[in-house]
Amino acid sequence: MIRKEEIEHLAEQALDSDQEFLLSVSVSPTAEIRVLVDSVSGISIERCVAISRTIEEHLDRDQEDFSLEVSSAGLGTPFMHPRQYEKHLGNPVTVVLKSGIRHDGVLCEVHEDGFSLTVSKVLPAYKDEEGKKHKKELRTETLHLRFEEVKSTAYRFDK
């Protein structure tokens, strides 16, 4: 039986440690192997093929038949690795917290234990206690979020 840990090890060896990183590995009971990788600068189809061949060289089809798929994370794929946050600095993202609160903003900083997000809110027009009218206002603030409080983060496609 092909073990997930074995595939993770082979995949890590096949990656360029400076730029590329492993996101996930799954091995089904029917030996369907799926490897998801990413890179600071993106991963080409050719690079996925090369990683797949490197992994396959170390597996024996005579011992166990398997299928192997190596792919890159798409833009809509939720972030799985802290380096994906670094890759998307300055980009619009949608963050859903474990509490259910959703924030749309721009990823502006990545820390060891979390990240910062710049969000903009439109405050509606209002009258104060003295009856003075105030126009609606656009306010920008920076939220500091810890990875542990985030349910998902994904690149946001602006309209």
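The values are calculated or read from the model by the stated rules, or taken from the named source; none is laboratory data. Quick caveat: nothing in here was measured; it's all calculated off a predicted structure. Neighbour counts run over all protein chains shown; Cβ positions are idealised from the backbone, glycine included. With ligands, DNA and RNA removed, areas are computed over all heavy atoms of the protein, side chains included. Shrake-Rupley method; radii C 1.70, N 1.55, O 1.52, S 1.80 Å.
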Exercise for the section: Roll a 1.4 Å probe over the protein chains and send me the accessible area per residue for the chain in Å². Expected result: 65
Exercise for the section: For segment 84-150, run through the trypsin sites (Lys or Arg not before Pro) and keep only the ones in DSSP coil with at most 13 other Cβ atoms within 10 Å of their Cβ. Expected result: K98, K132, K135, K136
Completion exercise
Per DSSP, the loop-located chymotrypsin sites (Phe, Trp or Tyr not before Pro) within segment 106-159 having at most 15 other beta carbons within 10 Å are F157
Practice task
Report M80's accessible area, 1.4 Å probe, all protein chains in place, as a number in Å² to the nearest 10.
Solution key: 100
Practice task
Please report, in debye to the nearest 20, how large the charge dipole of the chain is about its Cα centre when each Lys and Arg carries +1 at its beta carbon and each Asp and Glu carries -1 there.
Solution key: 1440
Completion exercise
Comparing H111, H81, H134 in a Gaussian network model of the chain (Cα, 10 Å), the one with the largest mean-square fluctuation is H134
Practice task
Over segment 1-97, calculate the relative contact order: mean separation of alpha carbon pairs under 8 Å at least 6 apart, over the residue count, as a percent.
Solution key: 27
Problem - Whether the chain is rounded, prolate or oblate, judged on the alpha carbon gyration tensor where a/c under 1.5 counts as rounded - result: prolate
Completion exercise
Counting as exposed only GluC sites (Glu not before Pro) in DSSP loop states with no more than 11 other Cβ atoms inside 10 Å, the longest exposed-site-free span of the chain is 1-63
Exercise for the section: Pick out which of L22, L138, L97 has the largest mean-square fluctuation in a Gaussian network model of the chain, springs linking Cα atoms closer than 10 Å. Expected result: L138
